[in-house]
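Some notes on the structure that comes next.
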Amino acid sequence: MSDHHDRWIDLRSDTVTQPSAAMRAAMAAAPVGDDVYGDDPTVNRLQDYAAELFGFEAALFAPSGTQTNLIALMTHCGRGDEYLVGQEAHTYKYEGGGAAVLGSIQPQPIANQPDGSIAIADIAAYIKPDDMHFARTRVLALENTIGGRVLPQAYVKAATDFAHARGLATHLDGARICNAAVKQGISLRDAAAGFDTVSVCLSKGLGAPVGSVLLGPRAFIEQGKRWRKMLGGGMRQAGVIAAAAHYALEHNVDRLAEDHRNAADLSAGLARIEQLTVTTPQTNIFYVEIPEAACAPLNEALARQGIRASIGPHTRLVTHLDVSSADVQTTIAAFEAFFRDWKPA
């Protein structure tokens, strides 16, 4: 793909966001120390702020959401323990099997319902009896949002209450928990309620260049530091990136509503094209079914107009702070122009 465009409209993911000028200024000015010794003031400030914001005792800053999820699972579980997780969940499907490979933790995948939830009857059915033949079921892991879908508050409460009643811990992969909270018009504390631990990505729609936080009880987070170190996540003068993450949490949560509006407008525009089947987004993510024969030429046509997308028969499109309402209209026009002329062979 040639890179002659000064600026791309990038719809591949909300991980592609660029730090704003104000965010870069915060990074440049950040006081730093050695975070492995616990004396980077900017990291400490971020961790305290995030814990307070989401209603937890403590927080741990790490390079990625993959790592914060893995730290959580390795702290909750011992060798030969098991976590219950959705088939479509990131921790199970898209994190390289890390819990099994690095944590000796068995995933028990369970089919997700169409709304992204896991049926409580299915959770109940997969909890193992206390018997030497079985892995010990320790944790229920949910994800919100999942594929852009928001788990209803009533479901989250029912599922976490059930898990706790059965003696399980609860972990939330809250990579896009801020999107879920904004969509539902609830506080971040309410969105995180019911979970013993929560992982929050700061490098997606919130716009930080790198980093996630793991939230939980103070003793749990202290244990988690050992796994972070072992997994290579003990960073030194990490304040320069923690400053960006702090800025993201402070300034970029409420504006996620714009991304949701842009996704709604983009999906509605693409849905008018008869060759496409388009889902209706709840947040900033939706899917488009594209005729297979159209995929390669469409990808080239979009690239010529400076639009990046992971075009395939089942295409995911994602809006974020670097996609404007004008970009949405440009993208709709590009798709329309392509399909006006395209005929299946």
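The values are calculated or read from the model by the stated rules, or taken from the named source; none is laboratory data. No experiment lies behind these values; they were computed from the predicted model shown. Glycine also receives a Cβ, built like all others from the backbone with ideal geometry; neighbour counts cover every protein chain displayed. Keep in mind that these areas ignore ligands, DNA and RNA; they rest on the heavy atoms of the full protein, side chains included. Shrake-Rupley method; radii C 1.70, N 1.55, O 1.52, S 1.80 Å.
Okay, residues lined up against (1) modelled with pLDDT of 95 or more; (2) open to solvent by 10 Å² or more (accessible area, probe 1.4 Å):
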{"residue": "L276", "(1), (2)": "yes, yes"}
{"residue": "I285", "(1), (2)": "yes, no"}
{"residue": "D322", "(1), (2)": "yes, yes"}
{"residue": "T331", "(1), (2)": "yes, no"}
{"residue": "P344", "(1), (2)": "no, yes"}
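Restricting the range 262-271 to residues that are surrounded by fewer than 21 Cβ atoms within 10 Å (Cβ to Cβ) and touching a helix residue (DSSP H, G or I) at 6+ places or on another chain (Cβ under 8 Å) leaves a set whose member that is nearest to N144 (Cα to Cα) is D265.
Within the range 212-246, the set of residues being open to solvent by 30 Å² or more (accessible area, probe 1.4 Å), of a type outside the set (A, V, I, L, M, F, W, C) and either in a helix (DSSP H, G or I) or at pLDDT below 95 (or both) comprises R218, E222, Q223, K225, R226, K229.
Test of understanding: among D81, D115, which residue is more than 21 Å from A158 (Cβ to Cβ) and either open to solvent by 30 Å² or more (accessible area, probe 1.4 Å) or among the acidic types (D, E) (or both)? I'd like the intermediate steps shown before the answer.
Numbers: D115 fails: more than 21 Å from A158 (Cβ to Cβ).
Of D81, D115, the one residue that is more than 21 Å from A158 (Cβ to Cβ) and either open to solvent by 30 Å² or more (accessible area, probe 1.4 Å) or among the acidic types (D, E) (or both) is D81.
Going by what's in this entry, would G167 be described as surrounded by 14 or more Cβ atoms within 10 Å (Cβ to Cβ) and part of a loop (DSSP other than H, G, I, E, B)? When the stated conditions are applied, G167 does not pass them. I123 - would you say it is of a type in the set (V, I, T) and either under 28 Å from L231 (Cα atoms) or not in a helix (DSSP H, G or I) (or both)? Spelling it out, it is not the case that I123 is of a type in the set (V, I, T) and either under 28 Å from L231 (Cα atoms) or not in a helix (DSSP H, G or I) (or both). Tallying residues that are closer than 21 Å to T15 by Cβ and out of contact with any helix residue (DSSP H, G or I) (no Cβ under 7 Å at 6 or more places or on another chain) within the range 221-240 yields 1. When the residues of the range 133-162 are narrowed to those that are in contact (Cβ under 8 Å) with a residue 60 or more places away in the chain and within 14 Å of S117 (Cα to Cα), which ends up surrounded by the most Cβ atoms within 10 Å (Cβ to Cβ)? The residue in question is A141.
Tally time: how many residues in the range 20-54 are surrounded by 19 or more Cβ atoms within 10 Å (Cβ to Cβ) and not in a helix (DSSP H, G or I)? Even if it seems obvious, please write down each step before you answer.
From the range 20-54, those surrounded by 19 or more Cβ atoms within 10 Å (Cβ to Cβ) are 23, 26-27, 30, 35, 40, 42-43, 46-47, 50-51, 53-54; that's our starting set.
Now restrict to residues that are not in a helix (DSSP H, G or I): 30, 40.
Residues in the range 20-54 being surrounded by 19 or more Cβ atoms within 10 Å (Cβ to Cβ) and not in a helix (DSSP H, G or I): 2 in total.
All conditions in (1) within 30 Å of A159 (Cβ to Cβ); (2) touching a residue at least 60 places away in the same chain (Cβ under 8 Å) hold for E52, with the sole exception of (2).
Pairs linking a residue in the range 92-121 that is at negative phi to a residue that is open to solvent by less than 30 Å² (accessible area, probe 1.4 Å) and among the charged types (D, E, K, R), with Cβ atoms under 8 Å and 6 or more positions apart or on different chains, are I105/D81; I105/E82; Q106/D81; Q106/E82; P107/E82; Q108/E82.
Only one of E57, E95 is in contact with a helix residue (DSSP H, G or I) (Cβ under 7 Å, 6 or more places away or on another chain), surrounded by fewer than 17 Cβ atoms within 10 Å (Cβ to Cβ) and of a type outside the set (V, I, T); which?
On the way: E95 fails: surrounded by fewer than 17 Cβ atoms within 10 Å (Cβ to Cβ).
After ruling out the rest, the residue left standing is E57.
Here D173, D196 are screened, and the one residue that is surrounded by fewer than 24 Cβ atoms within 10 Å (Cβ to Cβ) and out of contact with any Phe, Trp or Tyr (no Cβ under 7 Å at 6 or more places or on another chain) is D196.
The residues listed here are I71, I127; of these, the one that is more than 30 Å from G38 (Cβ to Cβ) and open to solvent by less than 70 Å² (accessible area, probe 1.4 Å) is I127.
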